[in-house]
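Q: Right, I'll just put the structure down here and ask away after.
All of the numbers you see were taken from the coordinates with simple rules; none came from a lab. In this text, all values refer to a predicted model and were calculated from it rather than measured experimentally. Glycine also receives a Cβ, built like all others from the backbone with ideal geometry; neighbour counts cover every protein chain displayed.
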């Protein structure tokens, strides 16, 4: 069962489908489409600079949250919104962004 799909932009991914087992493992393949309208929305892209990220602080910030209490008696949608809020706050503190011009962006061939 697919739990979560994370993207860096709203409405970037569509038509998400599970495509069966990956070999003999318990992992499953996921098929999805990257939607063009969302991908081409801006000419200057702000990308996360993972090389300068402080993953120790990121892990610490998310580890301090009492998840059992924070998500207690909440439905899936409310739990997701709470998790997303904390994740984005930690991301903003720990992972700097860099500006990239779309003409220099590497795109997959095919």
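Q: First check a/c for region 46-105, with a ≥ b ≥ c the square roots of the eigenvalues of its C-alpha gyration tensor; if it is under 1.5, answer rounded, and if not, answer prolate when a/b is larger than b/c or oblate otherwise.
A: oblate
Q: Related question: Mind giving me the nanometre distance, one decimal, between the label points for residue 22 and residue 97, set 7 Å out from Cα along Cα→Cβ?
A: In this crude spin-label approximation the distance works out to 2.9 nm.
Q: How far apart, in nanometres, would the label points at residue 77 and residue 50 be if each is projected 7 angstrom from Cα along the Cα-to-Cβ direction?
A: The answer from the label model is 3.2 nm.
Q: Could you grab the relative contact order for region 46-105? Cα pairs under 8 Å, six or more apart, rounded to a whole percent.
A: Relative contact order, region 46-105: 67 percent.
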